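Visitor: Dropping the structure in here first, questions after.
The values are calculated or read from the model by the stated rules, or taken from the named source; none is laboratory data. The structure displayed is predicted, hence computed values, not measured ones. Because the Cβ atoms are built from the backbone with ideal geometry, glycine has one as well, and the counts that use them run over all protein chains shown.
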Amino acid sequence: MSRRATIIDDDRLLSVEATPANGTLRVAAAELADATGWALKPEGLCRDNVCVPVRDRAALLDETGIDLIAFAAALARPIALEPDGGVAVLGEAPAVVRSRLDALDAPPFTLPDLDGNSVALDDYHGRKRLLVAWASW
């Protein structure tokens, strides 16, 4: 039984028709291509002029659609998935994250200060910054 599901990709909320199956979500190839820009072609998964080979096409695609776990694996991207809730979050590829870490490039973000005022990292552009993170767990 298919239903609406949400895929979060590159800070975009994408709504697709999906079918929960065996701990994953399956999405029609055409609908996934419309939502993410990644189309399944004979040469692999392609977006614009970039194509990623698909080694196991049968694991990626069946009659119910593209398996989102296999889709993420083919793109070398982590995925957090809740099939029953109809939610999938695609993370950035480890190579992209590693290159940002190597370049000491922090992603843009905004957080509240102790008084509840929003403070963005970009507010301090051009100045030296020290980021300190702490968690209680």
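Visitor: Identify the single condition in (1) within 17 Å of Leu60 (Cα to Cα); (2) surrounded by 12 or more Cβ atoms within 10 Å (Cβ to Cβ); (3) among the acidic types (Asp, Glu) that Asp9 does not satisfy, given that it satisfies every other one.
Guide: Every condition holds for Asp9 apart from (1).
Visitor: Continuing with this model, one more query. Could you list, ordered by first residue, the pairs with Cβ atoms under 8 Å in which the first is in the range 33-49 and closer than 16 Å to Leu68 by Cβ and touching a residue at least 12 places away in the same chain (Cβ under 8 Å) and the second is polar (S, T, N, Q) and outside any loop (DSSP other than H, G, I, E, B), at least 6 apart or interchain?
Guide: Ala35/Ser15
Visitor: All but one of (1) touching a helix residue (DSSP H, G or I) at 6+ places or on another chain (Cβ under 8 Å); (2) without any contact (Cβ under 8 Å) to a residue 40 or more places away in the chain hold for Leu75; state the number of the condition that does not hold.
Guide: (1)
Visitor: Does Leu61 meet the test of being farther than 18 Å from Asp10 by Cβ, surrounded by 13 or more Cβ atoms within 10 Å (Cβ to Cβ) and without any contact (Cβ under 8 Å) to a residue 40 or more places away in the chain? Show your work before the answer.
Guide: Details: farther than 18 Å from Asp10 by Cβ: yes; surrounded by 13 or more Cβ atoms within 10 Å (Cβ to Cβ): yes; without any contact (Cβ under 8 Å) to a residue 40 or more places away in the chain: yes.
So Leu61 fits the description; yes.
Visitor: Test of understanding: among Asp67, Asp84, Asp48, which residue is of a type in the set (D, E, K, R), touching a Pro at 6+ places or on another chain (Cβ under 7 Å) and over 30 Å from Ala133 (Cα atoms)?
Guide: Details: Asp67 fails: touching a Pro at 6+ places or on another chain (Cβ under 7 Å); Asp48 fails: touching a Pro at 6+ places or on another chain (Cβ under 7 Å).
Exactly one residue qualifies, and that residue is Asp84.
Visitor: Is there any pair linking a residue in the range 92-119 that is small (Gly, Ala, Ser) to one that is part of a helix (DSSP H, G or I) and surrounded by 11 or more Cβ atoms within 10 Å (Cβ to Cβ), with Cβ under 8 Å and at least six apart or on different chains, and which?
Guide: Pairs found: Ala106/Arg100; Ala106/Leu121.
Per-residue answers, yes or no, for (1) modelled with pLDDT under 90; (2) small (Gly, Ala, Ser):
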{"site": "Pro53", "(1), (2)": "no, no"}
{"site": "Arg77", "(1), (2)": "no, no"}
{"site": "Leu81", "(1), (2)": "no, no"}
{"site": "Ala88", "(1), (2)": "no, yes"}
{"site": "Pro94", "(1), (2)": "yes, no"}
{"site": "Asp102", "(1), (2)": "yes, no"}
{"site": "Asp113", "(1), (2)": "yes, no"}
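Visitor: Suppose we filter Ala103, Ala93, Ala88 for residues that are loosely packed, with under 12 Cβ neighbours inside 10 Å and of a type in the set (A, V, I, L, M); which single one remains?
Guide: Values: Ala93 fails: loosely packed, with under 12 Cβ neighbours inside 10 Å; Ala88 fails: loosely packed, with under 12 Cβ neighbours inside 10 Å.
Of the residues listed, the single one that is loosely packed, with under 12 Cβ neighbours inside 10 Å and of a type in the set (A, V, I, L, M) is Ala103.
Visitor: Next question. Anything in the range 12-56 that is surrounded by fewer than 13 Cβ atoms within 10 Å (Cβ to Cβ) and among the basic types (Lys, Arg)? List them, or say none.
Guide: Of everything in the range 12-56, those that are surrounded by fewer than 13 Cβ atoms within 10 Å (Cβ to Cβ) and among the basic types (Lys, Arg) turn out to be Arg12, Lys41, Arg55.
Visitor: Still on this model: Please state which one of Leu130, Leu121 is of a type in the set (A, V, I, L, M) and either surrounded by 14 or more Cβ atoms within 10 Å (Cβ to Cβ) or closer than 20 Å to Lys41 by Cβ (or both). Don't jump to the end; show me each part of the working.
Guide: Working: Leu130 fails: either surrounded by 14 or more Cβ atoms within 10 Å (Cβ to Cβ) or closer than 20 Å to Lys41 by Cβ (or both).
When all the criteria are applied, what remains is Leu121.
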